[in-house]
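Written out below as C-alpha cells is the structure these notes cover.
Just so you know, all these numbers are worked out from the coordinates, no wet-lab data involved. These numbers were taken from a predicted model, which means no experiment stands behind them. Backbone-built Cβ (ideal geometry, glycine too); neighbour counts: all protein chains shown.
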Amino acid sequence: MLKRSFLCVYPESFSLSYRLDKVKEIIVTDTINLSKRLATVATFLPSGAFFADIGSDHAYLPCYVCKHDKQARAIAGEVNEGPYNSACETVKAYELNNQIEVRLGDGLHVIDNEQIKQVVIAGMGGSLIAKILEEGRQYLSNVERIIAQPNIGEINVRKWFLENRFLLKEETIVEENGHLYEILVADKGENDLAYTDQELNKQLFFGPLLLQEKSSAFIKKWTLQKRKQQQIIAQIKLATVQDNEKIKQLEREFQWIEEVLLNEKRDC
C-alpha cells in the first residue's frame, strides 16, 4: 500500500532539545556545500523552477537551489521517516519553509496534483528510477523536464525516456571520490532515434550524446568497465549451470566497448 503524503510535522518522539541541537548544527555551517554530482544536477534546473526532488534525503539539493533562487519552489519527497525528519530540519534551519515543502510519501505520489515542472531523482539505481517513473506516470502530465542521476543501470532510464516520449537533451559524466556518475536530462518530446534494434541498444547502452562527445570521463568509465565486464563473463562461464543468453548479451556489450575504445584511439 502506498504511503500517503504528509506535510512536514514533527512526531511526538522527536524531542525539542534534539531539534534545537540539529538546527544549531546546520546553521553553524551557514552555506550549503553540495557534492559535485548534486551541484551538477542543480545546473540543469531553470531559474524559477518548481521541482520535486524524489528521495531528497536531507533536502540539501532543494535548499541549495532555493537559497540561490528566491523564485524557485520545491517539494522534497522521502519514503522513510528518518530522512524525512532530517529534511524537515534542514529546511527549517535555512528558513526556506515558504519555498520548500517536505513530504513523506512513495515516489512521485508526493506530487499530488501540483503544477510541478521538473523532477529530480538522484543517487539510486537505474532500474529503481525507471520503476518510480513508471509507477508515478500519472503525476508527470505537467512535468517538462526530468533530471536523473542513476548510480548504475543507466540504460533502464534511457529506455523509459524513449518509451514515454521524453527526449534526451543533455548527458554528462561527473567524477567524484573515485566514482563516475552519469547525469541524464530529458525534456518532454518525441525521440528521433532512428536506428536498427542492435544499433539502438548500443546507443541506449552508452548514451547517444555521451557516445557522440566521447569525453575523457567517458573513455575512463568504459576502460574501467571493460575490465569489469571481462571478469563478470569469466565468472559466469565458471558456473555449473550457465546462462547462455546472459553470456551472449555480456559478450556483445564487451565487443561494443572494445569497438568504441579502439575507434577513439584511432581518432587520436
With N residues in region 214-268, what two-decimal value do you get for its Cα radius of gyration over 2.2 N^0.38 Å? 1.29
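Specify whether the C-alpha gyration tensor of region 123-268 places it in the rounded, prolate or oblate class, a ≥ b ≥ c being the square roots of the eigenvalues: rounded for a/c under 1.5, otherwise prolate if a/b is larger than b/c and oblate if not.
Prolate is the answer for region 123-268, as a/c is 1.5 or above and a/b outweighs b/c.
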Using only Cα atoms, what is the ratio of the radius of gyration of the chain to 2.2 N^0.38 Å? 1.12
For region 186-253, taking Cα atoms only, what is the radius of gyration to one decimal and the Dmax to the nearest whole Å? 15.2, 47
Most fluctuating residue of S216, S56, S47 in a GNM of the chain with Cα springs under 10 Å: which is it? S216
Which of K36/K246; K36/K248; K159/K226 have a Cα-Cα distance over 26 Å? K36/K246; K36/K248
Where a Cα-Cα gap under 18 Å defines reach, which aspartates and glutamates qualify for K92, not counting those fewer than 8 residues away within the same chain? E12, D21, E25, D30, D53, D57, D69, E78, E81, E101
Can you work out D for region 66-130 in µm² s⁻¹ from Stokes-Einstein, where Rh is the Kirkwood radius over C-alpha pairs, the temperature is 20 °C and the viscosity is 1.002 mPa s? 167
Sites excluded, GluC sites (Glu not before Pro) in DSSP loops with at most 11 other C-beta within 10 Å, longest stretch of the chain: 96-189
Which loop chymotrypsin sites (Phe, Trp or Tyr not before Pro) in region 192-242, with loop taken from DSSP, have no more than 12 other Cβ atoms within 10 angstrom of their Cβ? Y195
As an exercise, use a Förster radius of 51 Å and the Cβ-Cβ distance of N263 and K36 to find the FRET efficiency, rounded to the nearest 0.05. 0.95
